1. So for the pair E332, A275, with labels modelled 7 Å out along Cα→Cβ, what separation do we get in nm?
2. Volume per residue, Å³, of the convex hull around the alpha-carbon atoms of the range 160-199?
3. Could you work out how far helix 277-287 tilts from the main Cα principal axis of the chain, as a 0 to 90 degree angle to the nearest 10?
4. Search the structure for amide H atoms under 5 Å from the amide H of F271, placed 1.01 Å from N in the peptide plane, and list their residues when 5 or more places away or on another chain.
5. Between Rg and the Kirkwood Rh of the range 227-297, both from Cα atoms, what is the Rg to Rh ratio?
6. Step through the residues of the range 219-231 one at a time and calculate ³J(HN,Hα) from phi using the Karplus curve (6.51 cos²θ - 1.76 cosθ + 1.60, θ = phi - 60°), rounding each to whole Hz and writing x for Gly and Pro.
7. Determine the dipole magnitude for the chain: charges of +1 sit on the beta-carbon of Lys and Arg, -1 on that of Asp and Glu, nothing else is charged, the reference point is the Cα centre, and the result goes in debye to the nearest 20.
8. Can you give me the long-range amide H partners of C231? Hydrogens built in the peptide plane at 1.01 Å from N, cutoff under 5 Å, separation of 5 or more residues or another chain.
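The values are calculated or read from the model by the stated rules, or taken from the named source; none is laboratory data. None of the values given here were measured: they were computed from a predicted structure. Positions of Cβ are generated from backbone atoms using ideal geometry, with glycine treated the same way; all protein chains shown enter the neighbour counts. SASA here: full protein model, heavy atoms, side chains in, ligands and nucleic acids out. Shrake-Rupley method; radii C 1.70, N 1.55, O 1.52, S 1.80 Å.
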Amino acid sequence: MKKLVSLLLALALLVSMSSVAFAAKEDFDPELVAAAQAEGELTVYGSCEEPYLAAAAKNFEKEFGIKVSYLRLSTGEVQAKITEEKGNPSADVWFGGTNDPYNESAKLGLLMAYEAKNAKNLASPMYRDADGYWYGIYKGILGFMVNTEELKRLNLEAPKGWDDLLKPEYKDKIWLSNPNTAGTAKLVINTLVQLKGHDEAMKYFVELDKNIAQYTKSGSGPSKKVGIGECVIAIGFLHDGITQILDGYDNIALIIPEEGTSFEIGSTAIFEGCAHENAAKLWIEYALSPDCVELADDAQSYQFLVITNAQQPAVVEPFGLDPDNVMKYNFEDAKANTSKYVQDFFNALGAAADSRFKTE
């Protein structure tokens with residue numbers, strides 16, 4: 001009798017566990033899951049930080065039994081690669097990285113439109129392309145990260161806004177990313193164009209360049225050098241600074257520019273002509289679920305999440321950042337003109353566009 005009771009309890013527990021597992025998958029269409037599993041594999045290009053990319057890819061593989069290959073590339077590298085491979089991409093989906101390169105790629109016909117079921121959980125229509133070419137998965141605030149110890153040693157005040165960065169005392173103290181390789185830098189260009197107007201923004205970048213020590217390949221590159229003192233002032237996303245602070249660099253301060261700032265929408269999209277279309281569609285649904293976006297916290301990616309049914313990273317709260325304290329960014333202007341503005345940036349700098357612009 002005891003054995004029978006134990007067996008019944010075990011069966012009940014198994015049924016209960018199965019019900020929980022099924023409930024966790026309720027946002028995934030069984031027919032799409034089956035079609036994706038029949039394809040059996042997926043290749044992801046990721047432009048977020050590698051720990052988050054790895055966590056998302058491995059969890060997808062575990063949850064759906066689909067083999068995932070992934071490669072971390074900057075947004076500029078992804079854009080260049082899919083442009084070269086147009087219509088026959090070597091990957092299926094793009095995951096993470098700021099939105100402007102996604103818009104450029106959509107405009108060039110490099111992304112596939114897909115109407116995602118889980119897009120219903122997005123907090124605002126601004127976090128998706130109206131035609132379904134990309135979907136937002138997180139939001140990051142653009143600003144400055146400064147080494148407070150170095151500023152004190154050099155007897156310098158921290159910059160309060162964009163115009164302060166032009167002060168001559170900051171010569172060789174500022175790092176920015178390379179607009180040819182990093183979406184972060186493209187966003188910086190678009191932000192200043194929208195704040196100052198095109199011509200004034202180009203004049204601004206000529207003056208700012210006099211204080212730039214290095215333009216890094218990756219948008220997060222400058223933030224990684226602040227704590228160790230190699231970079232005194234980094235321009236980038238403040239969540240990258242939070243990652244460094246939580247890694248033990250308590251000499252970093254975060255600054256939101258007083259004139260106003262913009263934000264990234266970290267996105268995900270399907271490549272036009274991809275080899276595993278159903279697995280790619282399932283990835284989009286997964287990327288818009290708590291199963292995926294809540295992995296960011298454990299992977300030291302502390303962006304603000306943009307779906308309503310996911311829990312925000314608790315560690316961000318003490319920093320007091322308000323994800324809505326940003327300018328009204330003109331996405332349509334960025335979509336139409338980012339490539340032109342980047343070219344105008346390099347034309348304005350002329351011979352100053354030298355070996356400080358890193359591509360490796």
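1. The modelled label-to-label distance comes out at 4.0 nm.
2. Per residue, the Cα convex hull of the range 160-199 comes to 92 Å³.
3. 70 degrees
4. For F271, the qualifying residues are V93, W94, M112.
5. Using Cα coordinates only, the ratio equals 1.13.
6. These are the phi-based 3J(HN,Hα) values: x, 8, x, x, 4, 6, 10, 6, x, 7, x, 5, 10 Hz.
7. Using Cβ point charges on Lys, Arg, Asp and Glu, the chain gives about 420 debye.
8. Amide H to amide H, under 5 Å and 5 or more residues apart or across chains, C231 pairs with V226.
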